[in-house]
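The values are calculated or read from the model by the stated rules, or taken from the named source; none is laboratory data. Here the structure is a predicted model, which means the values were calculated and not measured. Ideal geometry is used to build each Cβ from the backbone, glycine not excepted, and the neighbour counts take in all protein chains shown. Surface accessibility is based on the protein's heavy atoms, side chains included, excluding ligands, DNA and RNA. Shrake-Rupley method; radii C 1.70, N 1.55, O 1.52, S 1.80 Å.
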Amino acid sequence: MGGHGGSLEAYRSLEPHLRAGVQFAGTLFVAVVVLGLLQSDATRAVAKSRRSPVISFSIGLPSLLVVAGLASTGILIVDTSVGSFFAIPLVIFGVTVLPPVTAIGFTAIGQTLTSRFRVDRLWAGVFVGAFLSGLAGLAFPTAVVFTGLAGALGIGASVRVLFDGVGAARPDDRTIPPANKI
C-alpha cells in the first residue's frame, strides 16, 4: 500500500506494548493540551458527557462518522488532479477535530471510573482515560472500537457545549403554539 495506509501500517506493525505506550502518551498529551487551552469548554464537555452519556453518544456517533468520513475522503482524493485543493482542508479539519474530542471522551470515561472510587477530579480522569486508551492499544481491533466510542462521546458532548447557548435560557422565554395554550 502506498502513501495512504503507510501510517496505519506503521502503527499496526508496532509491538503491542509499544503501541499501548504510544497510545497512552498521545492521549495523555492531547488531553492535557486540550483541557489546558480550552479550560472552560473542554471541562464543560467532560461534565456534560458524564451527566448524560446516552444523549452525547447519540449526537456524537453521526457527527463522528461525518468528520471521519470527510477526513478519509480528503486522504483518498489527495492524489487526484483537483484533490490537493479539496483534500488539504478536509484532512486539516479531521486532524484538528478528532484528536481533541477523542481526548475529551477518554477523560470523561476516566473521570466516571475514578468517581466510583471517590476521586472525582479532572486530573484523575485524564490519567485513567489515557491509561484505558493505552490498554486498548494492546489489541488493534479493541483500540479501534474503544477509540471510536470515546470519540463519539467526546464529539457529542462538544457539539452539545458548542450549541448550548442557542435557544431560550429561561423557561419564560419559550413560546407555546396558539393551539396548545390553555
For this session: Report yes if Arg116 is of a type in the set (D, E, K, R) and open to solvent by less than 30 Å² (accessible area, probe 1.4 Å), otherwise no.
Result: no
For this session: Give the residues of segment 48-81 that are open to solvent by 40 Å² or more (accessible area, probe 1.4 Å), free of Cβ contacts under 8 Å to residues at least 12 places away in the same chain and among the small types (Gly, Ala, Ser), sorted by residue number.
Result: Ser81
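Can you find a residue that is at pLDDT below 90, surrounded by 17 or more Cβ atoms within 10 Å (Cβ to Cβ) and touching a helix residue (DSSP H, G or I) at 6+ places or on another chain (Cβ under 8 Å) anywhere in segment 126-137?
Quick first cut of segment 126-137, residues at pLDDT below 90 only: 137.
Still in the list and also surrounded by 17 or more Cβ atoms within 10 Å (Cβ to Cβ): 137.
Checking the rest, the ones that are also touching a helix residue (DSSP H, G or I) at 6+ places or on another chain (Cβ under 8 Å) come to 137.
Yes, segment 126-137 has at least one match.
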Exercise. Which residue pairs have Cβ atoms closer than 6 Å, lie 6 or more positions apart in sequence or on different chains, and pair a first residue in segment 120-133 that is free of Cβ contacts under 8 Å to residues at least 24 places away in the same chain with a second residue that is part of a helix (DSSP H, G or I)?
Worked result: Ala124/Thr114; Val128/Gly110; Val128/Leu113; Val128/Thr114
